[in-house]
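Trainee: Here it is, the structure in full.
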Number of protein chains: 2
Amino acid sequence: MLRPGDRLSSVRQASQQQGLSITTVVRAYELLESCGVIESHPQSGYFVRAQFGRDAAASLQASASAQAAPAEPDRSQPLPVSAEVDVSRHVLATLKSIHQNDAIPLGSPYPDPTLFPARRISQYNSAILRSGGPLGVLDDLPPGHPDLIRQIVRRHLETGLSVGPGDVVITVGATEAINLCLQAVAKAGDTIAVESPTFYAMLHAIERLGMRAIEIPTDPRSGMDVAALKKIMQSQPVAACMVMPNFQNPLGFEMPEENKRQLVELGARYNMPIIENGVCNELYFGTAHPSVLKAYDKRGIVLYCSSFSKSLTSAYRIGWTLPGRYREQVEKLKFLNTLSTSTLPQRAIAAYLTAGGYDRHLRRLRRSLQQRCDIMSAFVGRFFPAGTRITRPAGGYVLWIELPAAIDSMALYRQALAAGITIAPGRLFSTSDAYRSFIRMNYSYNWTPQIELAIRRLGEMLAAMLE
Amino acid sequence: MLRPGDRLSSVRQASQQQGLSITTVVRAYELLESCGVIESHPQSGYFVRAQFGRDAAASLQASASAQAAPAEPDRSQPLPVSAEVDVSRHVLATLKSIHQNDAIPLGSPYPDPTLFPARRISQYNSAILRSGGPLGVLDDLPPGHPDLIRQIVRRHLETGLSVGPGDVVITVGATEAINLCLQAVAKAGDTIAVESPTFYAMLHAIERLGMRAIEIPTDPRSGMDVAALKKIMQSQPVAACMVMPNFQNPLGFEMPEENKRQLVELGARYNMPIIENGVCNELYFGTAHPSVLKAYDKRGIVLYCSSFSKSLTSAYRIGWTLPGRYREQVEKLKFLNTLSTSTLPQRAIAAYLTAGGYDRHLRRLRRSLQQRCDIMSAFVGRFFPAGTRITRPAGGYVLWIELPAAIDSMALYRQALAAGITIAPGRLFSTSDAYRSFIRMNYSYNWTPQIELAIRRLGEMLAAMLE
């Protein structure tokens, strides 16, 4: 058992003792160093940092032992029937509890805000304010501020999506984008296909408009089962489909190219609009920006929605949509819904994007998220009871965790909250109670003894519940 | 005929020549001086300013001659049937034309932004940004930022409305507030009672939700005819009523106390929610803040909506609602619609209101608006053809102008736009074509030779159309 100040086995020793490759051990040590669990002393090797407890060292083993990692959840098997949606009150209550209790934010739906270049964006804000001249609301009538639109188009072009300024409508975050797109393509009472589990923002949009949701079987590695969706569509009318093909919240998958292509083809064949949520697209762990459904869309049936809330700044509430053939309708709905989007945040983000530095920020952000994902996965494997399953995200900032079937995650949520820890219970992500024993955990926060302790406490609560 | 540099008659002479009281002439001279048409030379009297044309001097007569002022429009007589609403595309096209053509903004729906204390609010913005710390979106989940809510409550209490922080929900401008409130109280296909003419934001909310509008006879001095509304309600179901009881856009009236009381009583008796638009309440020309319907509301059926867009800053897009008994539902809908309102503008406005100076700004703003109202009314009376009628606003920043019946205001709108002048044609303010020969003009802009010329050009266009 290692204690603070203890020297770790050398990479070679650890490799031999654990039967792991040198590369795996090096990666594990780097990880633990980057999050402050251990520190490197030149010429002497790695040591357990003083402020960390004994479990930090133990976690080394967990982290390095890929063999011991918990299994992944199975492909979901939702019932093939549509349902009314009524999740928003649970979600709002959960989000408020996260904030009001100043609790450990494992239930937060946003990346750690300290990962964002807040100071630099602030500087652009201030510069715009100093440059004087009244901010006119008419400057930013839908579709939105021209500079921001140009920057968004430029970024899409750089990642291989062929769009022009006339394709973009700026919105109040992706939330409004998704709402407007759904209203443009379907009406109250219609059935909308979603992943299972699905990000609750999708369910909110359906709830707001009095539509029904039908959940489609979804694989934690490859996303929505396109064949299953097709089968459903052959048996009942589906007005639209809402998906998050990259780094889905909560599963973290990146849909394979072939599946993306098939999904868009299916939509085109049945004339079924597809609302694509791309808010996590910049948060990839792989080597290249993921492709988007929109890139396969020859007929304008994909309505792409995204925002800067997960990659640059959450508080500014700036999103956008590429509504394809529904552009005119979406622009009109934007005008009806909120008239225009706040001017200053649009201009500040446009100035930031114009000046450059966003890609450098994103590279750092992705590196941090991937490291923190590995660390939290390791600690969950270490402290959570046997039978726990966790996803292997390809990007994003959340883990989806399947607890032993006897666990009621709402009970865990309440008990954790009383102990100053928040989690997102599974029922927020479905119209059914299929995810009663699931939770979503946000791994984006800087690894601290407090977070480590929170994971351990959750593990203890779960153990007690299982007794 | 006076020319630039000419000396005006003395007050006493003008009084005798025109048969007006000394007070009236003094007020007229002050007005013309405050807008730069004439200037006072100590010991010598008043002179026509050099950069003004001959008509500026002529306007003196128009301004001073109350007898010659055009008549007011009659009480409206809309048909007592509900109608589908489809005005938003006209409105969006009009607003875009106002901006894109850099035209004389007589059609603008906002007060002249140079009347707002942009620099001071900017300073609070910058100070908040400098104070550091990431802006967290969870800080401002519905109902909104606590500091801003406290300031809004304080101001309501100061004007005699008894509300607490728990009564307020912050929104993206009054636009979103009105949308959320309407969605909370009625459903698609329902009939909503509105003034005739009505502010198009009300019609937008109805259109967005697929409801129908029924227009109620409205007096340019006293507002919606409550007895006529009652009669309608006895013959058909009316799900809700949307009114702007103070300084209505476009009529400018302030509903008498007794009418306000009767309207709320009617709503209470029939259990009909009333959505009250209070966006112009701070822009009164009288001596005291106008009362609100909400003050008569004992049963929580009035949903009060307002914003800072007409009195402090248009571009920040910050509004609020006091949804009465529908509070929980409205807060949930806010969450579903846009999640939260942008953080920085909320905090900047809260800081401005906390620091003080808003009332001083408002006093100046009201004085400017009242003077500019008098000036534009005088010039319209001077240059528009006989038979023109104009309102006598009790506050706000727009005139509603009834042109001779032969005029098609859409034709005037197009012709004016080609000449670099915007107006708001009457059809934006109704589901019917009852206001085919009406226009709304914004009088809030600083009086310049360009604006004077625009009024004259409009008069010439009208004269040509009548030939």
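Computed from the coordinates by the stated procedures, all read-outs in this text should not be read as laboratory data. Source: prediction; values computed, not measured. Every residue, glycine as well, gets a Cβ built from its backbone with ideal geometry; the counts of neighbours run over all protein chains shown.
Trainee: In the protein assembly as shown, with Lys and Arg counted as +1 and Asp and Glu as -1 at Cβ, which of these residues, A:I232, B:M255, B:N281, has the Cα nearest the positive end of the dipole, that is, farthest along it?
Mentor: B:N281
Trainee: Quick one: P(r) of chain B from all Cα-Cα pairs, 10 Å bins, percents rounded to integers, in order of increasing distance.
Mentor: Here the calculated profile for chain B is 4, 20, 29, 25, 15, 6, 1.
Trainee: Between A:Q77 and A:L466, how high is the FRET efficiency from 1/(1 + (r/R0)^6) when r is the Cβ-Cβ distance and R₀ = 22 Å? Nearest 0.05. Please report the intermediate quantities before stating the final value.
Mentor: Working: r = 24 Å, r/R0 = 1.09.
That gives a FRET efficiency of 0.40.
Trainee: If you take each beta carbon of peptide B:306-317 and count the beta carbons of other chains within 10 angstrom, what is the mean?
Mentor: 4
Trainee: For region A:116-126, in order, what is each residue's ³J(HN,Hα) by Karplus, 6.51 cos²θ - 1.76 cosθ + 1.60 with θ = phi - 60°, in whole Hz (x at glycine and Pro)?
Mentor: 3J(HN,Hα) across region A:116-126, in whole Hz: 9, x, 4, 4, 5, 5, 4, 4, 5, 3, 4.
Trainee: Within 10 Å of each Cβ in A:84-95, how many Cβ atoms from other chains are there, averaged over the peptide?
Mentor: Per residue, the average neighbour count from other chains is 2.
Trainee: Rank these for me by crowding, B:D140, A:D219, A:D86, B:D408, going from fewest to most other beta carbons within 10 Å.
Mentor: With the fewest neighbours first, B:D140, A:D219, A:D86, B:D408 line up as A:D86, B:D408, A:D219, B:D140.
Trainee: Roughly how crowded by other chains is peptide A:6-15, in terms of the mean Cβ count from those chains within 10 Å of each of its Cβ atoms? Provide the component values of the computation, followed by the final result.
Mentor: Values: counts 0, 0, 0, 0, 0, 0, 0, 0, 0, 0.
Average per residue, whole number: 0.
Trainee: Identify, among B:T218, A:A424, B:Y200, the residue whose Cα sits farthest towards the positive end of the charge dipole of the protein assembly as shown, taking +1 on the Cβ of Lys and Arg and -1 on the Cβ of Asp and Glu, with the dipole about the Cα centre.
Mentor: A:A424
Trainee: Then there's this: So how tilted is helix B:226-235 from the main axis of chain B? Cα-based, degrees 0 to 90, rounded to 10.
Mentor: The angle comes out at about 50 degrees.
Trainee: Can you list residues whose amide H is under 5 Å from A:T191's amide H, if they're 5+ apart or on another chain and H is modeled 1.01 Å from N?
Mentor: Amide H neighbours of A:T191, under 5 Å, 5+ apart: A:R212, A:A239.
Trainee: Report the FRET efficiency, 1/(1 + (r/R0)^6), for A:V26 and B:R119, where r is their Cβ-Cβ distance and R0 is 51 Å, rounded to 0.05.
Mentor: Values: r = 56 Å, r/R0 = 1.10.
Efficiency, rounded to the nearest 0.05: 0.35.
Trainee: To make sure I understand, if each residue's beta carbon is the centre and we count other beta carbons within 10 Å, what order do B:S409, A:S222 fall in, fewest to most?
Mentor: Exposure proxy ranking, most exposed first: A:S222, B:S409.
Trainee: Here's something else I'd like to know. Once phi is turned into ³J(HN,Hα) by the Karplus curve 6.51 cos²θ - 1.76 cosθ + 1.60 with θ = phi - 60°, what whole-Hz value does each residue of region A:147-152 show in order, with x for glycine and proline?
Mentor: 5, 5, 4, 4, 5, 5
Trainee: Exposure proxy check: B:K310, B:K298 ranked by fewest other beta carbons within 10 Å?
Mentor: Lowest count first: B:K298, B:K310.
Trainee: If you take the charge dipole of the protein assembly as shown about its Cα centre, with +1 on Lys and Arg Cβ and -1 on Asp and Glu Cβ, which of B:S437, B:G356, A:T159 is farthest toward its positive end?
Mentor: Result: B:G356.
Trainee: Would you mind pulling out the separation of the Cα centroids of region B:168-202 and region B:271-321, in Å?
Mentor: Using only Cα atoms to place each centre, the spacing works out to 13 Å.
Trainee: In a Debye calculation with equal point scatterers on the alpha-carbon sites of region A:293-368 and no solvent, what is log10 I(q)/I(0) at q = 0.18, 0.19, 0.27 Å⁻¹?
Mentor: These q points yield log10 I(q)/I(0) values of -0.92, -0.98, -1.19.
Trainee: Treating the beta-carbon of each Lys and Arg as +1 and of each Asp and Glu as -1, no other charges, what is the dipole magnitude of region A:163-260 about its Cα centre, to the nearest 20 debye?
Mentor: It works out to roughly 280 debye.
Trainee: Using unit Cβ charges (K, R positive; D, E negative) and no other charged atoms, how large, in debye to the nearest 20, is the dipole of the protein assembly as shown about its Cα centre?
Mentor: 1180
Trainee: Still on this structure: At 4 °C and 1.567 mPa s, what whole-number value in µm²/s does Stokes-Einstein give for the translational diffusion of region B:116-355, with Rh from the Kirkwood sum over Cα pairs?
Mentor: Values: Rh = 18.1 Å.
Here the translational diffusion coefficient equals 71 µm²/s.
Trainee: So, one more: Considering amide H positions built from the backbone, and no H for Pro or chain starts, which residues 5 or more places from A:I421, or on another chain, come under 5 Å of its amide H?
Mentor: Long-range HN contacts for A:I421: A:I104.
Trainee: So which lysines can A:K298 reach, going by Cα to Cα under 19 Å and dropping same-chain residues fewer than 8 places off?
Mentor: Straight-distance partners of A:K298: A:K260.
Trainee: Please list the non-local residues whose amide H lies under 5 Å from the amide H of A:I38, H modeled 1.01 Å from N, same-chain partners needing a gap of 5 or more.
Mentor: Under 5 Å from the amide H of A:I38 lie the amide H atoms of A:E33, A:R49, each far enough along the sequence or on another chain.
Trainee: Considering only the protein assembly as shown, what is the antiparallel percent among its DSSP beta bridges, to the nearest 5? Present the calculation step by step, with values, prior to reporting the outcome.
Mentor: Numbers: 54 of 88 bridges.
Here the share of antiparallel DSSP bridges comes out near 60 percent.
Trainee: Can you list the lysines whose alpha carbon sits under 18 Å from that of B:K96, skipping same-chain ones fewer than 8 residues off?
Mentor: A:K332, A:K334
Trainee: How high is the relative contact order of chain A? Use alpha-carbon pairs under 8 Å, at least six apart in sequence, and give a whole percent.
Mentor: About 22 percent, as a whole number.
Trainee: Out of all Cα-Cα pairs in the protein assembly as shown, roughly what percent, to the nearest whole number, are more than 54 Å apart?
Mentor: Looking at the protein assembly as shown, the distances longer than 54 Å represent 22 percent of pairs.
Trainee: Explain nothing, just the number: dipole magnitude of region B:116-355 about its Cα centre with +1 on each Lys and Arg Cβ and -1 on each Asp and Glu Cβ, in debye rounded to the nearest 20.
Mentor: The dipole of region B:116-355 has a size of about 320 debye.
Trainee: What FRET efficiency comes out for the pair B:R7/B:A386, r = Cβ-Cβ distance, R0 = 45 Å, nearest 0.05?
Mentor: Computed FRET efficiency for B:R7 and B:A386 comes out at 0.90.
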